[in-house]
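Down below is the structure, laid out as structure tokens.
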Amino acid sequence: QNETHFPLSYFLVLPARLNWNESILPAPPAKSDSSHHQQRLTAVKKDEMGAPEKICTAMELADHEARANGCSGSDEIPSSSCTVDPQLTVADASPRVIGARGIFFSDFYFVVGFGSGLCKDLFKKWSELDESCFTVERVSGGITNLLLKVSVKEVNGEESAVTVRLYGPNTDYVINRERELQAIKYLSAAGFGAKLLGVFGNGMVQSFINARTLTPADMRVPKLAAEIAKELRRFHAVEIPGSKEPQLWNEIFKFYESASGLQFDDAEKQRTYNTISFKEVYGEIIEIKELTSRLNSPVVFAHNDLLSGNLMVNDDEEKLYLIDFEYGSYSYRGFDIGNHFNEYAGYDCDYSLYPSKEEQDLFFRHYLQPDKPDEVSSKELEVLYIESNTFMLASHLFWALWALIQAKMSPIDFDYLGYFFLRYNEYRSKKEANCSLARSYLSGLHKS
């Protein structure tokens, strides 16, 4: 970088109560000191729920992954040390996403930025474009990430667009970003999701997918259900380098350790939290782990979060997309499918919408034999039905514990404690019937 071009991550952060009669614009340094940025962006903090942990930037993870594959990070994935607060409005976030000089506002700080922002820093072909060539709009925002669409009018007059995904605050407590970054390029190469174009301090930039996000009701439409099943089978066939050990129970026990020792500042939240019997929850985890281990469900690279918001479709082209692989890991086939069936209920957790056996059979047929669904045997259907409807119990435990951690760590306005009870109560209501079905099936196998 030259002497007058500074990454937006070079900030002077000042208290909001600053006396504006004071001078607040120091002369910028002669050169951008990347080592200084890296020291500031990599720190050690005390984890509220355990020992100190290292905070790594996405840029470091990209560089690490690239070097592991024999090339430099910059050659592999463009990276920037810029960060963008996901809690800002689109209007306030736009200068940081695009690149503009000036003073930016947040709830507690005035932030003075110099030079280029995220997109101009990552993509040099846009570095000299005027800010008027860019538009930023919110695509969606769930309870984990915020997605922004950045549209660009290029020098030649053509228009292009990218998606900027901002990680939710404190999501590193429940998401392994290094694992996500490793997997995403292999999944992208296999044709899944958007192409990874760049990474930055608290998110990534991907190609824009011209499609609509599914609703829970869409997932039960027979034609779409069949396509989801086919795509999930193809997804499960992708090979991701590294350990193939299933991570499901490692994750659940990790969540349990974190979730079972929380303290809330809010007295009402603490009273609600204190009604949970973690001794009971631990016993349930052990029981379901033992039962599912006897089912011999195939280990695959699983999506693990196949809710409607992570499915998109281009209706004109009739093309389905699986997106957002942040919870992806090697896991059990039955868990990925059972978890997907749970998501028919939507965020409102209306479990009367859980798919019927007939709806599940349609899904299983297209998953097992995409080209010849009618040739799937009744025995194959039974095996996958037992698998999915036993592992759906593990899905409830997973997300119930996840919700408790989020109730403590996430600043997002969502009733995570209430979500815990919705998931755990549904687990308890289905446990006896589903476990009895699995044990009966296993008993029949033993006798035969």
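Values quoted throughout were computed directly from the atomic coordinates according to the rules given, and no laboratory measurement underlies them. Quick caveat, the model's predicted, so the values are computed rather than measured. FYI the Cβ positions are ideal-geometry reconstructions off the backbone, even for glycines, and counts take in every protein chain you see.
Considering region 232-282 at the alpha-carbon level, its Rg and Dmax are found to be 17.3, 48 Å.
DSSP loop (so not H, G, I, E, B), at most 16 other Cβ within 10 Å: list which GluC sites (Glu not before Pro) in region 140-212 pass both filters.
Counting only loop positions with at most 16 other Cβ atoms within 10 Å, the GluC sites (Glu not before Pro) in region 140-212 are GLU154, GLU158.
About its Cα centre, the dipole of region 335-409 is roughly 340 debye, where the only charges are +1 on Lys and Arg Cβ and -1 on Asp and Glu Cβ.
Positive end of the dipole of region 249-366 (Cβ unit charges, origin at the Cα centre): among SER308, LEU262, ALA345, the Cα lying farthest that way belongs to LEU262. Over region 263-340, the pair-distance histogram of Cα-Cα distances with 10 Å bins from zero comes to 15, 27, 27, 22, 8, 1 percent, rounded to whole numbers. Relative to the globular-protein estimate of 2.2 N^0.38 Å, the Cα radius of gyration of region 339-448 stands at 1.25.
Which value in Å does the Kirkwood hydrodynamic radius of region 145-276 take, with 1/r averaged over all unlike C-alpha pairs and then inverted? Working shown, then result.
Details: mean 1/r = 0.0536 Å⁻¹.
Averaging 1/r across every pair of different Cα atoms and inverting gives 18.6 Å.
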